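Chemist: Would you mind keeping the following structure in view while I ask a few things?
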Amino acid sequence: MITVCYSKRRISGRLKESPADSNHVLDSSGIVLSADLAVPILNELAPGGFSFGHGYLIEFEPQSIWYETSFAITAAAVKQGIKTEYHTFMHAPTEVRKTLTRLGMNVEEAEKNGLFRVIDTYTASLGRGTPEKPTVGKVTYQLGPFNLAEWSSAIAQQITEEVPPIERRWLHIDDNTSVFIQSHDEKEIVNTWRTRFLPWARKRERILIMSIISGGASDAFYKQCESIFEGIIDFKSQEEDGEIRHYARVRTMRGKTYDTRWRPIRLEDSGAVTVQMESVKPQELGIGGWLKGSKK
């Protein structure tokens, strides 16, 4: 397992291997140069499958536990020293911080140390109030009017600019990017993601995790979205034996092979999310599995 940590130690010499993990290569300021990141929880589904500079798509059912998982990923990543930004479309910033605190994350300290920030598009999408400014870095385009054309223009400008060191190599998590569908044309959304968001992620060496709700747009929209991302992960939930059970799977990762069967995931009382080791055959899900009955 490869876990990226942004160490504050200074190491003599131009390049050194981290003693803690020989897969890590650090520069003279102690910053990891490794191209891969073990994204908490998702790495259990796709070990070593996430690389800086690429975008990944989450497709989730409304009743799934994607929101809970997004918070759990954030808290675990920050605890591991991974710079993480939570881009909220669905939750007020105060709710984001409260949830992360319940997961055992010291939010105030993480923000102070430059390891965590909230990007508040939630307030902008409401059309009232003033979006909260990030505690790390400059005010971003996401804090302006909830208008994709304006975002596109701002991103195009950022792509041409030099990237400040503080803006490089963040894990970026959207709680629900499909909010755009409510007020924007599907073709405009896909084109902006393809020509703006993904090149922006490459320029800034982001791991960009975007998420869309299933069943909320046309089939053509989903097919076009799926064609431009490096990997796709699904989240679903369904009733089995009188209780709701939750699942996740890797549908595809470009150039890599993984077990694409559904894996049970569990929401703990603490808010943590765990991935079960066993895989579930597709025919055991849905009405077919219900008719066969539960297996002891």
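Chemist: List the residue pairs whose Cβ atoms are under 6 Å apart, where the first residue sits in region 161-187 and is within 18 Å of Leu37 (Cβ to Cβ), the second is aromatic (Phe, Trp, Tyr), and the two are 6 or more positions apart or on different chains.
Modeler: Cβ pairs passing all conditions: Arg169/Phe52; Ile173/Tyr86.
Chemist: Quickly run through region 76-90 and pick out the residues that are closer than 16 Å to Leu37 by Cβ and either acidic (Asp, Glu) or surrounded by fewer than 24 Cβ atoms within 10 Å (Cβ to Cβ) (or both).
Modeler: Answer for region 76-90, where residues must be closer than 16 Å to Leu37 by Cβ and either acidic (Asp, Glu) or surrounded by fewer than 24 Cβ atoms within 10 Å (Cβ to Cβ) (or both): Ala76, Lys79, Gln80, Gly81, Lys83, Glu85.
Chemist: Which of (1) farther than 16 Å from Arg204 by Cα; (2) out of contact with any strand residue (DSSP E or B) (no Cβ under 6 Å at 6 or more places or on another chain); (3) surrounded by 16 or more Cβ atoms within 10 Å (Cβ to Cβ); (4) touching a residue at least 12 places away in the same chain (Cβ under 8 Å) is the odd one out, the single condition Arg102 does not satisfy?
Modeler: (3)
Chemist: On the given criteria, is Asn176 of a type outside the set (Lys, Arg) and surrounded by fewer than 20 Cβ atoms within 10 Å (Cβ to Cβ)? Lay out the reasoning, then the answer.
Modeler: On the way: of a type outside the set (Lys, Arg): yes; surrounded by fewer than 20 Cβ atoms within 10 Å (Cβ to Cβ): no.
No: the conditions fail for Asn176.
Chemist: A follow-up question, please. Checking Ile228 against (1) out of contact with any strand residue (DSSP E or B) (no Cβ under 7 Å at 6 or more places or on another chain); (2) modelled with pLDDT under 95, which test does it fail?
Modeler: Here Ile228 meets the rest and fails (2).
Chemist: Let me confirm something: among Gly129, Gly137, which residue is part of a loop (DSSP other than H, G, I, E, B) and within 21 Å of the chain's Cα centre (by Cα)?
Modeler: Gly137 is the lone residue from the list that is part of a loop (DSSP other than H, G, I, E, B) and within 21 Å of the chain's Cα centre (by Cα).
Chemist: What residue, among those in region 109-157 that are basic (Lys, Arg) and at pLDDT below 90, is surrounded by the most Cβ atoms within 10 Å (Cβ to Cβ)? Before the answer, list the steps.
Modeler: Initial filter on region 109-157 (basic (Lys, Arg)): 112, 117, 128, 133, 138.
In the following step, the residues that additionally are at pLDDT below 90 were identified as 128, 133, 138.
Numbers: Arg128: 6, Lys133: 14, Lys138: 9.
So, considering only residues that are basic (Lys, Arg) and at pLDDT below 90, the one surrounded by the most Cβ atoms within 10 Å (Cβ to Cβ) is Lys133.
Chemist: Going by the structure shown, is Thr101 more than 14 Å from the chain's Cα centre (by Cα), over 20 Å from Phe52 (Cα atoms) and in a helix (DSSP H, G or I)? Walk me through it before giving the result.
Modeler: On the way: more than 14 Å from the chain's Cα centre (by Cα): yes; over 20 Å from Phe52 (Cα atoms): yes; in a helix (DSSP H, G or I): yes.
Against the criterion (more than 14 Å from the chain's Cα centre (by Cα), over 20 Å from Phe52 (Cα atoms) and in a helix (DSSP H, G or I)), Thr101 qualifies.
Chemist: Search region 53-81 for residues that are within 26 Å of Ile228 (Cα to Cα) and pair each with any residue that is outside any strand (DSSP E or B) and polar (S, T, N, Q) when their beta-carbon atoms are under 6 Å apart and the residues are at least 6 apart or on different chains.
Modeler: Glu59/Ser214; Glu61/Ser214; Phe71/Thr99
Chemist: Could you check region 196-220 and list, in sequence order, the residues that are under 19 Å from Leu148 (Cβ atoms) and without any contact (Cβ under 8 Å) to a residue 40 or more places away in the chain?
Modeler: Of everything in region 196-220, those that are under 19 Å from Leu148 (Cβ atoms) and without any contact (Cβ under 8 Å) to a residue 40 or more places away in the chain turn out to be Gly216, Ala217, Ser218, Ala220.
Chemist: Taking region 220-244, which residues are touching a Ser or Thr at 6+ places or on another chain (Cβ under 7 Å) and surrounded by fewer than 17 Cβ atoms within 10 Å (Cβ to Cβ)?
Modeler: Selection gives Asp241, Ile244.
Chemist: Any idea how many residues of region 215-251 are among the small types (Gly, Ala, Ser) and more than 19 Å from Ile65 (Cα to Cα)?
Modeler: Number of matching residues: 5.
Chemist: Among what's in region 51-67 and is in a loop (DSSP other than H, G, I, E, B) and not hydrophobic (A, V, I, L, M, F, W, C), pick the residue that is surrounded by the most Cβ atoms within 10 Å (Cβ to Cβ). Lay out the reasoning, then the answer.
Modeler: Pass one, region 51-67, residues in a loop (DSSP other than H, G, I, E, B): 52-53, 61-65.
From what's left, not hydrophobic (A, V, I, L, M, F, W, C): 53, 61-64.
On the way: Gly53: 17, Glu61: 17, Pro62: 11, Gln63: 13, Ser64: 23.
Across region 51-67, the extreme among qualifying residues is Ser64.
Chemist: Also: Looking at Glu167, Glu161, which one is in contact with a Gly (Cβ under 7 Å, 6 or more places away or on another chain) and modelled with pLDDT under 95? Reasoning before the result, please.
Modeler: Details: Glu161 fails: in contact with a Gly (Cβ under 7 Å, 6 or more places away or on another chain).
Step by step, each of Glu167, Glu161 is checked, and only Glu167 is in contact with a Gly (Cβ under 7 Å, 6 or more places away or on another chain) and modelled with pLDDT under 95.
The values are calculated or read from the model by the stated rules, or taken from the named source; none is laboratory data. Fair warning: this is a prediction, and the values are worked out from it, not measured in the lab. Here the Cβ is made from the backbone with ideal geometry for all residues, glycine too, and neighbour counts use every protein chain on show.
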